[in-house]
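Heads up: the structure comes next, in structure tokens.
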Amino acid sequence: MFNLNEIKELIELVDQTSVQELEIENEGTRLSIKKPGNPEVISYQAAPQAYAAPPQAVVQAAPQAPPQSTPGQDQPAAVDTTSSLHKIVSPMVGTFYSSPSPEAAPYVSKGDKVDVKSTVCIIEAMKLMNELEAEIKGEIVEVLAQNGQLVEFGQPLFLVKPD
């Protein structure tokens, strides 16, 4: 995993050269730095675990398995219509924004098609705007968070029907 000083040094090096984009992978951690003008300035992806995002980083959520039901319940089981749907979850605590600015249209709405690299929202944490990608190809079935809502780590934000 990269430490904060290493990330800062790499950002400065990229900024001082004509390199437009730098991507490094180390021990299962991927660091991608892009010069301004690109929608995503920096992204950071590590093995799924609970940790705070480094400053100026976009942490991408890993898919989670649906919860398992307990067999032998006395009550009739409710039909779970979301079991075949993929949940896009918040990778951090922050404020959910559905669009890049208050005047702009939402990144995605119910019924929209997304692919692996589609930006679906922004999570603001510590005054840093972190773009969240779908990481799955499919159709948005439901938007579970409201614009400006405080969201928690692991909270489902979207339901996606995989293609």
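Rule-based calculations on the coordinates, nothing more; no lab input. Computed from a prediction, not measured in an experiment: that's the story for all the values here. Using ideal geometry, Cβ is built from the backbone for each residue, glycine included, and neighbour counts are taken over all protein chains shown.
Its alpha carbons considered, region 86-162 gives a radius of gyration followed by a Dmax of 11.2, 32 Å. Using a cutoff of 8 angstrom between alpha carbon atoms and counting only pairs six or more residues apart, the relative contact order for region 86-162 works out to 42 percent.
The loop-placed trypsin sites (Lys or Arg not before Pro) in region 94-163, going by DSSP, that have at most 15 neighbouring Cβ atoms within 10 Å of their Cβ come out as LYS110, LYS117, LYS127, LYS137. Only lysine pairs 8 or more places apart, or on different chains, with alpha-carbon atoms under 25 angstrom apart are counted in region 86-162, and they number 13. Residue order for ILE24, ILE136, fewest other beta carbons within 10 angstrom first, comes to ILE24, ILE136.
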